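Comments concern the structure below.
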Amino acid sequence: MWTNPRTAGFLSQALSHEMTVVQQYLTQANLCDCWGRGEECAYFRREAGEELEHAGKIIRHMLTLGLAPNATRLEPAHPGRDMTEMLGFDWHLEAEAVRLYDDALRHAQRCRDDASSRLFAELLADEQAHLQELDRMLAELAQKENRHG
């Protein structure tokens with residue numbers, strides 16, 4: 001089965017990105033566990049699980065296209081020294097994902113690749129929701145910091 005090379009590239013990039021984010025969230029979950037911050041640990045573990053589901057969807061799609069999944073470009077984790085820094089690092093990763101999936105979706109639509117378009121649209125919506133949640137959490141942290149001086 002022939003696959004547009006640029007679509008294959010977007011899928012490989014997406015898989016590498018999702019696995020990078022899984023690594024990031026698991027690192028942060030374990031750090032929060034070391035700090036005795038169970039609620040934050042649970043949050044990061046849930047996020048890692050969601051991102052792992054994204055990776056699974058990408059892998060399934062790659063397999064249906066006859067592509068061998070290969071996440072070769074994992075970025076190092078950036079744990080952060082406190083919650084604000086952690087969420088800031090995560091915000092940048094999620095913003096990167098939004099840009100990636102927006103570009104990939106537009107490409108798939110131009111190619112009239114409905115299956116890839118559906119996948120990228122779903123991933124884009126999920127990542128936009130993550131970004132909004134991070135915006136909310138960062139705003140709450142900023143308010144707490146302002147109240148406590």
**Study point:** region 28-49, subset crowded, with 16+ Cβ neighbours inside 10 Å and among the acidic types (Asp, Glu), residue nearest to the chain's Cα centre (by Cα)
**Key:** GLU47
Check your understanding: Any chance region 62-75 includes a residue that's in a helix (DSSP H, G or I) and of a type in the set (A, V, I, L, M, F, W, C)?
Key -> yes
Check your understanding: How many residues, within region 109-130, are farther than 18 Å from ALA55 by Cα and surrounded by 12 or more Cβ atoms within 10 Å (Cβ to Cβ)?
Key -> 3
Study note, to complete from the structure: Going through (1) over 21 Å from GLU85 (Cβ atoms); (2) under 19 Å from the mean Cα position of the chain (by Cα); (3) aromatic (Phe, Trp, Tyr) one by one, TYR25 fails only at (1)
Point to revise | Residue count, region 36-58 (criterion: without any contact (Cβ under 8 Å) to a residue 60 or more places away in the chain and under 16 Å from PHE89 (Cβ atoms)) | key: 5
Check your understanding: Hey, LEU31 hits all of (1) at positive phi; (2) in contact with a Pro (Cβ under 9 Å, 6 or more places away or on another chain); (3) of a type outside the set (S, T, N, Q) but one; which does it fall short on?
Key -> (1)
Revision key, fill the gap. Counted residues in region 12-35 being charged (D, E, K, R) and in contact (Cβ under 8 Å) with a residue 24 or more places away in the chain come to 1
Review point. Out of (1) buried (at least 17 other Cβ atoms within 10 Å of the Cβ); (2) touching a residue at least 60 places away in the same chain (Cβ under 8 Å); (3) assigned to a helix (DSSP H, G or I), what's the single condition that is false for ARG6?
Key: (1)
**Study point:** Tally of residues being farther than 30 Å from LEU65 by Cα and among the acidic types (Asp, Glu) across region 7-47
**Key:** 3
Point to revise | Residue list for region 97-132, filter: farther than 26 Å from TYR43 by Cβ and acidic (Asp, Glu) | key: ASP103, ASP113, ASP114
Check your understanding: List the pairs whose first member sits in region 68-88 and is over 17 Å from LEU138 (Cβ atoms), whose second member is of a type outside the set (A, V, I, L, M) and surrounded by 12 or more Cβ atoms within 10 Å (Cβ to Cβ), and whose Cβ atoms are under 6 Å apart, counting only residues at least 6 apart or on separate chains?
Key -> ALA71/SER16; ARG73/SER16; LEU74/THR20; GLU75/THR20; ALA77/GLN23; ALA77/GLN24; ALA77/THR27
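Since every read-out is calculated from the coordinates, none of them should be taken as a lab result. Not measured: the values here are computed from a predicted model. Using ideal geometry, Cβ is built from the backbone for each residue, glycine included, and neighbour counts are taken over all protein chains shown.
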